[in-house]
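The values are calculated or read from the model by the stated rules, or taken from the named source; none is laboratory data. These numbers were taken from a predicted model, which means no experiment stands behind them. Positions of Cβ are backbone-derived with ideal geometry, glycine not excepted, and every protein chain shown enters the neighbour counts. Surface areas here come from the heavy atoms of the whole protein model, side chains and all, with no ligands, DNA or RNA. Shrake-Rupley method; radii C 1.70, N 1.55, O 1.52, S 1.80 Å.
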Amino acid sequence: MLLGVRGSTPAPGPDHVRYGGHTSCVAVIPAGAVAPVLLMDAGTGIRSLPSLLGSEPFRGSILLSHLHWDHVEGLPFCRAVDRDDARVDLHVPEQDGASARDLLARTLSPPSFPIEPEGLLGRWLFLPAPEGPVSIEGFEVAAAEVNHKGGRTLGYRVTSAAGSFAYLPDHAPVQGVAPNVRALIEGADVLLHDAQFTETERRLADDYGHATVEETIALAGEAGVGLLVLFHHSPTRTDDQLDHILDGVASPVPIVVAREGMRIPVGAVQDGSRQPPAR
């Protein structure tokens with residue numbers, strides 16, 4: 001379930017209602033379950049997590065793609081993860097010889113913030129992000145380093161018996177797509193991918209280290225994914241503009257524009273074909 005679909009900054013206001021204004025966060029719910037056990041990133045969208053859990057705490061893992069503010073700024077503002085009975089394994093892309101905890105503390109500590117990571121309530125583990133396929137919360141998780149400006153950034157592939165999805169919210173394919181990154185998305189049932197800019201905004205895309213809608217569609221077609229979800233929308237892109245972002249753009253794969261609250265089934269329907277587009 002998509003809890004936050006914007007990039008860079010939250011985008012409140014009347015022009016950002018239908019697609020939502022929260023920054024990146026995706027809740028992964030196992031087949032047959034009702035509550036998520038895995039989160040992809042922790043932007044302001046994580047503040048909607050309690051609505052999926054009711055009075056229960058979150059007990060699971062969070063995979064951070066990178067440490068830019070829009071992907072971590074919701075962590076200390078979500079009651080479901082910040083309570084005595086919560087259990088959170090936070091996986092951080094390590095870099096600069098620093099531990100996962102110390103990297104997080106660069107923004108989550110005074111004077112930038114009132115508490116350090118240890119101030120979060122519950123049982124927290126600060127762990128390095130996985131390098132190879134590992135089991136996390138019953139899913140097989142693989143990661144690969146992707147091109148993005150300003151620090152180490154990972155893309156993920158999450159696989160279960162039901163199917164697989166790839167998550168690359170910040171990615172600059174124009175800088176090159178390494179074989180291990182292509183393997184991450186190849187044949188995925190669902191690809192959630194950076195689509196912050198359009199080709200008419202190529203200079204901005206290059207300056208910020210992001211993808212355009214057009215090159216994201218081309219990459220999805222080459223990889224043969226089942227469904228492409230355009231994700232990480234620009235905070236300046238209004239609802240009306242997002243309504244028309246695919247006008248005149250041909251796609252070799254089914255495609256949807258990410259909205260907050262969207263539930264995306266992953267895997268095959270009973271007759272063995274791909275899942276229909278998300279609602």
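How many of the residues in region 15-37 are within 11 Å of the chain's Cα centre (by Cα) and farther than 9 Å from L3 by Cβ?
Qualifying residue count, region 15-37: 2.
Is there a residue in region 67-79 that is without any contact (Cβ under 8 Å) to a residue 60 or more places away in the chain and farther than 20 Å from H22 by Cα?
Within region 67-79, not a single residue is without any contact (Cβ under 8 Å) to a residue 60 or more places away in the chain and farther than 20 Å from H22 by Cα.
Scan D70, D82, D89 and give me the residue that is surrounded by 17 or more Cβ atoms within 10 Å (Cβ to Cβ), of a type in the set (D, E), part of a loop (DSSP other than H, G, I, E, B) and at pLDDT 95 or above.
D82
To keep it simple, each residue is scored yes or no on (1) over 24 Å from F77 (Cβ atoms); (2) not β-branched (V, I, T).
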site: W124; (1), (2): no, yes
site: P128; (1), (2): yes, yes
site: V134; (1), (2): yes, no
site: G138; (1), (2): yes, yes
site: A143; (1), (2): yes, yes
site: N147; (1), (2): yes, yes
site: R157; (1), (2): yes, yes
site: G163; (1), (2): yes, yes
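Based on what the data block shows, is S61 more than 16 Å from L121 (Cα to Cα) and crowded, with 17+ Cβ neighbours inside 10 Å? So that I can check it myself, show each step before the final result.
Values: more than 16 Å from L121 (Cα to Cα): no; crowded, with 17+ Cβ neighbours inside 10 Å: yes.
Answer is no for this residue.
Taking region 165-183, which residues are open to solvent by 10 Å² or more (accessible area, probe 1.4 Å) and either touching a residue at least 60 places away in the same chain (Cβ under 8 Å) or not in a loop (DSSP other than H, G, I, E, B) (or both)?
Selection gives F165, P173, V174, Q175, P179, N180, R182, A183.
Mind telling me which of the residues G45, G32 ends up being outside any strand (DSSP E or B) and surrounded by 21 or more Cβ atoms within 10 Å (Cβ to Cβ)?
Working: G32 fails: surrounded by 21 or more Cβ atoms within 10 Å (Cβ to Cβ).
After ruling out the rest, the residue left standing is G45.
Please verify whether T107 is open to solvent by less than 50 Å² (accessible area, probe 1.4 Å), of a type in the set (S, T, Y) and out of contact with any Leu (no Cβ under 7 Å at 6 or more places or on another chain), treating the condition exactly as stated.
No: the conditions fail for T107.
Considering only residues of region 85-109 that are free of Cβ contacts under 8 Å to residues at least 12 places away in the same chain and touching a helix residue (DSSP H, G or I) at 6+ places or on another chain (Cβ under 8 Å), which is nearest to A143 (Cα to Cα)?
D96
Applying the selection to region 137-164, what residues are more than 23 Å from D70 (Cβ to Cβ) and in a strand (DSSP E or B)? Working first, answer last.
Keep residues of region 137-164 that are more than 23 Å from D70 (Cβ to Cβ), which gives 137-140, 142, 159-164.
Within region 137-164, F139, E140, A142, T159, S164 meet the criteria.
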